[in-house]
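The values are calculated or read from the model by the stated rules, or taken from the named source; none is laboratory data. Note that the structure is a prediction, hence the values are computed from the model and not measured. Cβ: placed from backbone, ideal geometry, glycine included. Neighbour counts: every protein chain shown.
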Amino acid sequence: MRTIFHLDLDAFFVSVERILDPSLKGKPVIVGGDPKYGRGVVAACSYEARQFGLHSAMPIRTAYRLCPHGIYIHGSHKEYSLYSKAVKNVLEKYAPIVQQASIDEFYMDFTGCSNIYGSLFAFASFLQKEIWEKLSLPCSIGIGSNKTIAKIGSDCLKPDGITYIFPGMEKEFLAPMPVETIPGVGKVTLSDLHSKGIYRIGDITSLPQDYFAAAFGKYGIDLYRKACGEGSEYLTIKYEQKSISHERTFGEDVTSKQFLKEKLFKLTQMVCQDLRDIDWLASTINIKLRYSDFKTLNRSITIKPTDDDRIVFEAAWNMLIKAHTRRIAVRLIGVGVSKFSKFSEQGELFEWEELKRRKMLRVVTKLRDRYGFEIVHFGSA
């Protein structure tokens, strides 16, 4: 029987903001969009804010109506990545295999490690203490025989909780929980299940698997197995990033092409900075354009592999002006890159001017990494 841990950092963005500004402790803190404009959603909120009914992915306008006295923060995204990496470094000291599921979620495989660490429940408490003492970050841990049951367990006793689901007890553990507890059950599926009189996970397992296969196809079979406490027992440690992108939703709908051009260049700088931070080149450029009526366009083009802001911007801007054909204001623009290759100075012949520019770009990257993104901007910005 395998032993999988799922560690979830409690209100992670808020916890990092409180490290950066201790005066936020004990207050209702909301990380996300700007309530002045009513755009965007809640990325994270403190447990003090949740007492007013706030939750992640809630429209920021709704959050402000429920909690107007809350402290609304746009977020320190660079810091979140740094703290996430620090947590992973701690976990890798103890776990034979660590899979990072998101910026604030980690799976660990401790199968066969009880001879090393003794009681794994007690060891989970040790991990919590280690992360708190070194990084001042609270977390909750679920322990189970597979990834699905461990993930559900980590959410049971938040914050600072540990839930151990004994092998063989998965089905009984899940039975009284609402069906939306199962990962992957969204609003449409939930409504469909409720229409069939299915409200608890135990309602699913009381019916034959064939019923769900007929009603939902392959998804129905997967749903039934999860309701029985089954799930993947093996971690995936090789994760290949498919794309890097940044986008901007405007506080007010925009008609000025010059304004769009300036914002697109700023987003392009951010994307290319991310590329150079990991020494990658990209050969596909993608843009996203959303009008005020929410009609969304996506365009892409393939070019010679690059990490140069100027080259990426020129390709992105040309696509954007060709796509922007309607006389309607713009709500959102975005730029992204994909189809990566590793950057290498060796084995390639560069023209002298190109080589100088590559060296300049890496100097800019080092300055931003050390002093922050806003320390350097190109003239076009």
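Here are the numbers for the structure shown:
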item: Cβ-Cβ under 8 Å pairs, at least 6 apart or on other chains, the stretch 181-193 side closer than 15 Å to Lys226 by Cα and outside the structural domain of Ala150 (by TED's automatic domain parsing), far side among the small types (Gly, Ala, Ser) and crowded, with 16+ Cβ neighbours inside 10 Å; result: Ile182/Ala227
item: Which numbered condition Gly40 fails, given (1) out of contact with any Phe, Trp or Tyr (no Cβ under 9 Å at 6 or more places or on another chain); (2) exposed (fewer than 15 other Cβ atoms within 10 Å of the Cβ); (3) over 29 Å from Thr163 (Cα atoms); result: (2)
item: Residue in the stretch 258-265 that is within 17 Å of Asn318 (Cα to Cα), among the aromatic types (Phe, Trp, Tyr), in contact (Cβ under 8 Å) with a residue 12 or more places away in the chain and not in a strand (DSSP E or B) present; result: yes
item: From the options Leu82, Leu91, Leu54, Leu9, residue that is loosely packed, with under 14 Cβ neighbours inside 10 Å, assigned by TED's automatic domain parsing to the domain that holds Leu135, at pLDDT 90 or above and of a type in the set (A, V, I, L, M, F, W, C); result: Leu82
item: Failed condition for Ile152, given (1) among the hydrophobic types (A, V, I, L, M, F, W, C); (2) in contact (Cβ under 8 Å) with a residue 60 or more places away in the chain; (3) under 30 Å from Pro176 (Cα atoms); result: (2)
item: First in the stretch 132-148 and without any contact (Cβ under 8 Å) to a residue 60 or more places away in the chain, second anywhere and assigned to a strand (DSSP E or B), Cβ under 9 Å, 6 or more apart; result: Trp132/Cys139
item: Among (1) surrounded by 15 or more Cβ atoms within 10 Å (Cβ to Cβ); (2) farther than 16 Å from Tyr234 by Cα; (3) more than 20 Å from the chain's Cα centre (by Cα) - the single one Gly144 does not satisfy; result: (2)
item: Residues that are surrounded by 15 or more Cβ atoms within 10 Å (Cβ to Cβ) and assigned to a loop (DSSP other than H, G, I, E, B), drawn from the stretch 157-205; result: Lys158, Gly161, Ile165, Ala175, Met177, Ile182, Val185, Ile198
item: Failed criterion for Gly153 (all others in (1) outside any loop (DSSP other than H, G, I, E, B); (2) farther than 28 Å from Phe12 by Cα hold); result: (2)
item: Residues satisfying the stated conditions in the stretch 16-37, i.e. in a helix (DSSP H, G or I) and surrounded by 14 or more Cβ atoms within 10 Å (Cβ to Cβ); result: Val16, Glu17, Arg18, Ile19, Leu24
item: Scan of the stretch 120-140 for residues that are among the polar types (S, T, N, Q) and part of a helix (DSSP H, G or I), ordered by number; result: Ser125, Gln128
item: Number of the exception - Thr62 against (1) polar (S, T, N, Q); (2) touching an Asp or Glu at 6+ places or on another chain (Cβ under 9 Å); (3) assigned to a helix (DSSP H, G or I); result: (2)
item: Among the residues listed as Leu297, Leu281, Leu223, the single one being surrounded by 13 or more Cβ atoms within 10 Å (Cβ to Cβ), assigned to a helix (DSSP H, G or I), not small (Gly, Ala, Ser) and not assigned by TED's automatic domain parsing to the domain that holds Lys78; result: Leu223
item: Pick from the stretch 266-309, criterion in contact (Cβ under 8 Å) with a residue 60 or more places away in the chain and among the basic types (Lys, Arg), ranking: nearest to Arg327 (Cα to Cα); result: Lys266
